[in-house]
Amino acid sequence: MCGINGVICLGGAPSEAYLKAEIAEMNDAVAHRGPDGEGAYVNGNVALGHRRLSIIDLSAGGHQPMFNEDDSLVLVFNGEIYNYLELIPVLKALGHVFRSHSDSEVILHAYEAWGPQCVERFNGMWAFAIWDVKRKRLFASRDRLGVKPFYYVKDAVRLIFSSEIKGIAAVRPLHHANLAKVHDYLRYGYRTSDGSTFFADVHELMPGQNLVLEDGDVTVTRYWQLPSEQGPIEPDTVLRSRFSDLLEDAVRLRFRSDVPVALLQSGGLDSSAICRVVDDDIESGRLACESVTAFTAVFPGFEHDEQARVRELIGTCKHVKLVELSPTAADLLADLPKFVAGMGEPVQSTTSFVHWQIMQAVHARGIKVIINGQGADEALAGYAPYIVGYRLLDTLLANPLKMWSQARAMRARLGYPATKLIAQTAKAMLGRRAASKWRAARVEGTTQVLNSEFCQRHDAHLPDTKMSMRPRNLDRHLRGQIEHYGFNQILHYEDHSAMMSSIEMRSPFVDYRLMEFAFRLPDRMKFDLGVTKRIQREAFASRLPRSIVNNHSKIGFATPFQIWMTNPALNAYLREIVDSSSFQARSIWKGDEIMKRFAESGRYPNFPFWRFINLELWARAYGISNL
């Protein structure tokens, strides 16, 4: 896990001293991603930089930039290739000679052996770039789900890339916001995945894509996407067994490390399932360690606090030690500007702040790798409040006679009244964009405080998902979450939050094999009769406490921001931001209307106060001038 940077000049080559200075500045800007080492390659019109966080092969053999045998290929790599041990004998059989024990060298030899198609053989998370010295060609790739970031800017003079936008900003002025992106964030809360960023002219390589720069031209191609059709009909018992096998293998792969690995724990089903697998594997000897540490955030007295369930789970685990942390309003007040600047782009909620606080505690204990449960909710249908309408719509289209049994089960198991079920079904019929507009106007009230011309200009930017008469609307919604909506912003904040503290985040549920498996499952194995993530609940029914398996009130990891806002010092600080001349002068919103809401926050329980504070502090941190 590292930070990578690159500058490729498209015209005449500047001086070597100039390029060395630029790549050094970029490396300094992302130094937190790799405190264990720094490297640079400068030759002609190309400069590549690397900051190393040593995880696999801690020796100098893992140093980057890394070269092949004749120095004709140069690699900078951020991430992990989890199946590198399986690939080494295959490559050795083809005649390749290894000089290290790192997964980085596997990438180089795999590229020599199979060219750009090498990425199809990798199981991992990655963003890497290979400079072909002989062909004067850059090949770059981002992993299938987009766990690791790859940002770039290309103009007539050069292409610049980095693991973080901060790396690019170190050598190129970035003071204009992408207003369409800002609109979708403020009005709807989305950081949509479309290849653009909050910065004008800065792009991100999309998940599952390769990039080639040759003769001054950039070509981007997709090498992977989620399966579009369900698999053959198989018995539930077979599907459950395959799911368990895949998850357990994904967990074991992510324990491949030359440094200790910890767990990020909540009281939810996903991280609990991983914890159970880890504890069982240590007990059986399948994992070569005596114990692991699990970190969790608790908020005593908060209605969504998960402390009791976490403690109950850990009480059943012989080899897991629990560390409880309790971030506070005082922490947010002390670190808010630093946090916002470090995240690079605005984030959706204070969940990301709490995540960052946990990562700092993990780092303080000398741990470099932590495993979380991210990805299962999006792939296996975990967020009941947002998916009940799609399941009911599909039932209505496929078999109307079963509509009542589905609705009755949802009412009984989830506690949703008929009015909510009807409203959510109507929302599914509306389509994503129309439903988002309705929520912005009627629930959150963001439309009313934004400049009307600003809203009209960017009204059609949000990717839309229309109702289909084919009963696959739930599948299309889940696919949209991963490809366009929430999943991208979660991966963004987790990467930046963890790497700000020099921590590598690993996610077994984001293993592409599990994702492909999930999107070939029939809907009934994901969400049926009010049971979310049905296949996972049934697979772990006898292995986890009933309080976790039978808990269907999934809302995502919640933090008490509304309560924190009542803290006098924090409240005064937030109101000072909103009342500032810079905030009030922004043309994109109505500053006086927003100030009224902050002054009487109790009257506006659904208003997303955080988004407006985050956007303002981000604009200040990066000197954004067009808001």
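Residues in segment 435-450 that are touching a Lys or Arg at 6+ places or on another chain (Cβ under 7 Å) and either over 25 Å from THR395 (Cα atoms) or of a type in the set (Phe, Trp, Tyr) (or both): ALA440, THR446, THR447, VAL449, LEU450. Going by the conditions given, is PRO605 under 24 Å from ARG439 (Cα atoms), surrounded by fewer than 16 Cβ atoms within 10 Å (Cβ to Cβ) and touching a residue at least 12 places away in the same chain (Cβ under 8 Å)? For PRO605, the condition - under 24 Å from ARG439 (Cα atoms), surrounded by fewer than 16 Cβ atoms within 10 Å (Cβ to Cβ) and touching a residue at least 12 places away in the same chain (Cβ under 8 Å) - is met. Among the aliphatic types (A, V, I, L, M), assigned by TED's automatic domain parsing to the domain that holds ASP258 and more than 22 Å from ILE165 (Cβ to Cβ): does that describe LEU544? Judged against the criteria, LEU544 is a match. The residue that is farthest from HIS175 (Cα to Cα), among those in segment 201-219 that are hydrophobic (A, V, I, L, M, F, W, C) and under 21 Å from the mean Cα position of the chain (by Cα), is LEU211. For segment 478-495, the criterion of being more than 25 Å from GLY195 (Cβ to Cβ), buried (at least 21 other Cβ atoms within 10 Å of the Cβ) and not charged (D, E, K, R) is met by none of the residues. The helices (runs of 4 or more DSSP H) found wholly in segment 99-212 and carrying at least 2 residues that are farther than 24 Å from ASN45 by Cβ occupy 103-114, 179-188. Exactly one residue among GLY301, GLY315 is surrounded by fewer than 19 Cβ atoms within 10 Å (Cβ to Cβ) and at pLDDT 95 or above, and that residue is GLY315.
Within segment 337-355, which residues are surrounded by 16 or more Cβ atoms within 10 Å (Cβ to Cβ), modelled with pLDDT of 95 or more and in a helix (DSSP H, G or I)? Within segment 337-355, PHE339, VAL340, GLY342, MET343 meet the criteria.
Candidates TRP618, TRP589: the one that is of a type outside the set (Gly, Ala, Ser), under 18 Å from LYS338 (Cβ atoms) and either surrounded by 14 or more Cβ atoms within 10 Å (Cβ to Cβ) or free of Cβ contacts under 8 Å to residues at least 40 places away in the same chain (or both) is TRP618.
Of the residues making up segment 511-557, those that are surrounded by 21 or more Cβ atoms within 10 Å (Cβ to Cβ), among the β-branched types (Val, Ile, Thr) and over 20 Å from ASP236 (Cβ atoms) number 1. Counting only residues that are under 23 Å from VAL251 (Cβ atoms) and surrounded by 17 or more Cβ atoms within 10 Å (Cβ to Cβ), segment 84-100 holds 3 of them. If I filter segment 513-529 for residues that are not assigned by TED's automatic domain parsing to the domain that holds THR296, not in a helix (DSSP H, G or I) and not small (Gly, Ala, Ser), do I get at least one hit? Within segment 513-529, not a single residue is not assigned by TED's automatic domain parsing to the domain that holds THR296, not in a helix (DSSP H, G or I) and not small (Gly, Ala, Ser). The criterion of at least 1 residues that are closer than 30 Å to LEU414 by Cβ is met, among helices (runs of 4 or more DSSP H) falling completely within segment 535-598, by 546-549, 561-564. Only one of the listed residues (TRP589, TRP610) is closer than 25 Å to SER326 by Cα, aromatic (Phe, Trp, Tyr) and not assigned by TED's automatic domain parsing to the domain that holds ALA170. That residue is TRP610. Restricted to segment 548-562, and to residues there that are out of contact with any Phe, Trp or Tyr (no Cβ under 9 Å at 6 or more places or on another chain) and over 20 Å from PHE295 (Cα atoms), the residue that is modelled with the lowest pLDDT is SER553.
Cβ-Cβ distances below 6 Å connect the following pairs, each with a first residue in segment 25-47 that is surrounded by 16 or more Cβ atoms within 10 Å (Cβ to Cβ), a second residue that is modelled with pLDDT of 95 or more and among the acidic types (Asp, Glu), and a separation of six or more residues or different chains: ASN27/GLU38; VAL30/GLU164.
Of the residues in segment 222-230, none is of a type in the set (D, E, K, R), out of contact with any Gly (no Cβ under 6 Å at 6 or more places or on another chain) and surrounded by 13 or more Cβ atoms within 10 Å (Cβ to Cβ). For GLU86, state whether it is in a helix (DSSP H, G or I), out of contact with any Cys (no Cβ under 7 Å at 6 or more places or on another chain) and closer than 21 Å to ASP258 by Cα. It is true that GLU86 is in a helix (DSSP H, G or I), out of contact with any Cys (no Cβ under 7 Å at 6 or more places or on another chain) and closer than 21 Å to ASP258 by Cα. The selection criterion, being of a type outside the set (Phe, Trp, Tyr) and at pLDDT 95 or above, holds for ASP279.
Hey, can you tell me all the residues within segment 251-273 that are charged (D, E, K, R) and either out of contact with any Phe, Trp or Tyr (no Cβ under 7 Å at 6 or more places or on another chain) or farther than 21 Å from LYS526 by Cβ (or both)? Residues satisfying the conditions are ARG252, ARG254, ARG256, ASP258.
For segment 370-388, does any single residue satisfy the condition of being of a type in the set (Val, Ile, Thr), within 25 Å of the chain's Cα centre (by Cα) and closer than 30 Å to ILE503 by Cβ? Looking through segment 370-388, at least one residue is of a type in the set (Val, Ile, Thr), within 25 Å of the chain's Cα centre (by Cα) and closer than 30 Å to ILE503 by Cβ. Of the residues GLU38, GLU22, the single one that is farther than 30 Å from GLU248 by Cα, out of contact with any Asp or Glu (no Cβ under 6 Å at 6 or more places or on another chain), of a type in the set (Asp, Glu) and in a strand (DSSP E or B) is GLU38. Among the residues of segment 573-586, those identified as surrounded by fewer than 20 Cβ atoms within 10 Å (Cβ to Cβ), without any contact (Cβ under 8 Å) to a residue 60 or more places away in the chain and over 21 Å from HIS458 (Cβ atoms) are ARG575, GLU576, ILE577, ASP579, SER580, SER581, SER582, GLN584. So, SER271, is that one at pLDDT 95 or above, closer than 21 Å to THR532 by Cβ and crowded, with 16+ Cβ neighbours inside 10 Å or not? Yes, satisfied.
Going through (1) crowded, with 16+ Cβ neighbours inside 10 Å; (2) among the aliphatic types (A, V, I, L, M); (3) within 29 Å of ASP305 (Cβ to Cβ) one by one, LEU627 falls short only on (3). Here is the figure for segment 590-627: residues that are among the aliphatic types (A, V, I, L, M) and either closer than 13 Å to LEU450 by Cβ or in contact with a Gly (Cβ under 8 Å, 6 or more places away or on another chain) (or both) total 3.
The values are calculated or read from the model by the stated rules, or taken from the named source; none is laboratory data. Note that this is a predicted model, so its numbers are computed, not measured. Cβ atoms come from the backbone with ideal geometry, glycine included; neighbour counts cover every protein chain shown.
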